[in-house]
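The values are calculated or read from the model by the stated rules, or taken from the named source; none is laboratory data. As the structure is a computational prediction, the values presented were derived from the model and not from experiment. Cβ placement follows ideal geometry from the backbone for every residue including glycine, while neighbour counts extend to all protein chains displayed. These area figures cover heavy atoms from the full protein model, side chains too; ligands, DNA and RNA do not enter into them. Shrake-Rupley method; radii C 1.70, N 1.55, O 1.52, S 1.80 Å.
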Amino acid sequence: MFFRKKQQLTPARIILIGFALLILAGAVLLTMPISTRDGQGASFFDALFTATSATCVTGLVVQDTAQYWSGFGQAVIIVLIQIGGMGVVTVAVAISMLAGRRIGLKERWVMQESISAPQVGGIVRRTRFILAAMLLLEGAGALLLASRFCPEMGLRGIWYAVFHAISSFCNAGFDLMGAAGTPFVSLTGYVGDPLVNLTVMGLIILGGIGFLTWGDVRQHRWHLRAYCLQSKLVLVTTAALILVPALFFFCYEFQLPRWDGLTLGEKILGSLFQAVTPRTAGYNTVDLTQLSGPTRMIITLLMLVGGAPGSTAGGFKVTTLAVFLLAARAVFRRQEDLQSFGRRLPIDTLQNAAAILMAYVGLFLLGGLAISCVEGVALDAALFETASAIGTVGLTLGLTPELGGVSRIILIFLMYFGRVGGLTLIYAVLPDSGAVPAQLPQERITVG
């Protein structure tokens, strides 16, 4: 009976269950005395929140990672980040491949759903490429960061470099920079360091553009015209979401008197970094509580937009935003079809994008309203935290560690939803209604 039920699990449900089991396993490990510096072990609720944040590559924390968790606890967190970033199914298939086990059609089907591959064919070869690229990029990032951290910290700098390279590439945002009396500082001590800034930003972007885009880059190199439409939209939209906010931050935010202490170079790096990190990464090099209202609003909106499909990033995808922008352009031009780069998009793409956007925005607003009411905090601060959670970003105004149990449960759900994906959760939970037997009469309504 159990075998028959297992065989009936859809890829969406397998992904959903896989992430849930990984979170629970991580939470149990983090409650062990060996996981905390005081030897007492974390409460299950703190462990569950941390395990969810790590597995969903978010970065929101209720305890400072460096000061509260022991070396074993930090190792558990980084393993959860690595598995969560690459995807539970990807890691499971990789282990099977290393063990010499044959990958069946069922596993290939689930793998296709997990990494948003266009087809089942070549899925094993694509998985090998993903793992090799991941090890190469994280290794290169760790070496670059070690060249900065080791002179400052000695051998401990190696662990810091590996931890932050994995956390950056997986768009997690966990850091080990907290110290006694100054927890939750993120990378504010490196605001003017080009090596740390550029390495972390590079890893964040590479992890967030998606495995399909990697494949296009490997196959076609600089022949951008040969890229598939999804890769083109991912690269163009990602570039716009980084450059436009960075320009605003430099021209407006960092010209305010409060930032007069920063040099020109620090302002440039700070502008770029604060534009990149809301793309589900969660690091910051300046004190976010000092940012102006307009800048906070822009960062809140940026946090809702995640990376590419099949990437290490969460949130609703850049392709979802691109489809809506294309739909708006089609309306303005009075075109019936969504067109881009000489291609036409099917109508179901717009329907899926609408459903995803409605789900993310609705949960973002409802979660913010609920936390604001329960905790009695300002609505904009609550919305900042919920955007960070559902976008799996990890940026915070310092509110998360102060939240009560109900608000933390809300954030846990939002982080889980943001990582597994809107459609994955919807398909897993709602039953298939089947095909409509006949077309219903059509009637127009007025919108606008």
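Tabulated values for the structure
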| read-out | value |
| --- | --- |
| Boolean, Gln274 is farther than 30 Å from Val91 by Cα, of a type in the set (S, T, N, Q) and not in a helix (DSSP H, G or I) | no |
| Selected residue (only one of Thr280, Thr320, Thr289 is outside any helix (DSSP H, G or I), β-branched (Val, Ile, Thr) and at pLDDT below 95) | Thr280 |
| Residue, least open to solvent (accessible area, probe 1.4 Å), within segment 9-30, restricted to residues that are out of contact with any Asp or Glu (no Cβ under 8 Å at 6 or more places or on another chain) and not hydrophobic (A, V, I, L, M, F, W, C) | Gly26 |
| Condition broken by Thr238, with the remaining ones in (1) among the polar types (S, T, N, Q); (2) open to solvent by less than 40 Å² (accessible area, probe 1.4 Å); (3) in a helix (DSSP H, G or I); (4) under 23 Å from Asp380 (Cα atoms) satisfied | (4) |
| Positions within segment 357-372 being under 20 Å from Val318 (Cβ atoms), open to solvent by less than 30 Å² (accessible area, probe 1.4 Å) and not small (Gly, Ala, Ser), in sequence order | Tyr360, Phe364 |
| Flag if Leu272 is in contact (Cβ under 8 Å) with a residue 60 or more places away in the chain, under 20 Å from Phe169 (Cα atoms), open to solvent by less than 40 Å² (accessible area, probe 1.4 Å) and not polar (S, T, N, Q) | no |
| Condition check for Leu350: closer than 17 Å to Ile409 by Cβ, without any contact (Cβ under 8 Å) to a residue 60 or more places away in the chain and not β-branched (Val, Ile, Thr) | no |
| Qualifying positions in segment 329-350 - closer than 28 Å to Val420 by Cβ, surrounded by fewer than 15 Cβ atoms within 10 Å (Cβ to Cβ) and of a type in the set (A, V, I, L, M) | Ile347 |
| Flag if Asp287 is open to solvent by 10 Å² or more (accessible area, probe 1.4 Å), acidic (Asp, Glu) and touching a residue at least 60 places away in the same chain (Cβ under 8 Å) | yes |
| Residue that is in contact (Cβ under 8 Å) with a residue 60 or more places away in the chain and not aromatic (Phe, Trp, Tyr), where the choices are Gly315, Gly342 | Gly315 |
| Residue check for Gly100: part of a loop (DSSP other than H, G, I, E, B), at pLDDT below 90 and surrounded by fewer than 19 Cβ atoms within 10 Å (Cβ to Cβ) | yes |
| Segment 31-58 - residue that is surrounded by 23 or more Cβ atoms within 10 Å (Cβ to Cβ), over 18 Å from Gly405 (Cα atoms) and not polar (S, T, N, Q) and, of those, nearest to the chain's Cα centre (by Cα) | Val57 |
| Odd one out for Phe19 among (1) assigned to a loop (DSSP other than H, G, I, E, B); (2) touching a Lys or Arg at 6+ places or on another chain (Cβ under 8 Å) | (1) |
| The lone exception for His223 - which of (1) closer than 22 Å to Met134 by Cα; (2) open to solvent by 10 Å² or more (accessible area, probe 1.4 Å); (3) out of contact with any Leu (no Cβ under 8 Å at 6 or more places or on another chain); (4) not charged (D, E, K, R) it fails | (1) |
| Qualifying residue in segment 380-403 (condition: farther than 17 Å from Leu288 by Cβ, surrounded by fewer than 20 Cβ atoms within 10 Å (Cβ to Cβ) and modelled with pLDDT of 90 or more) | no |
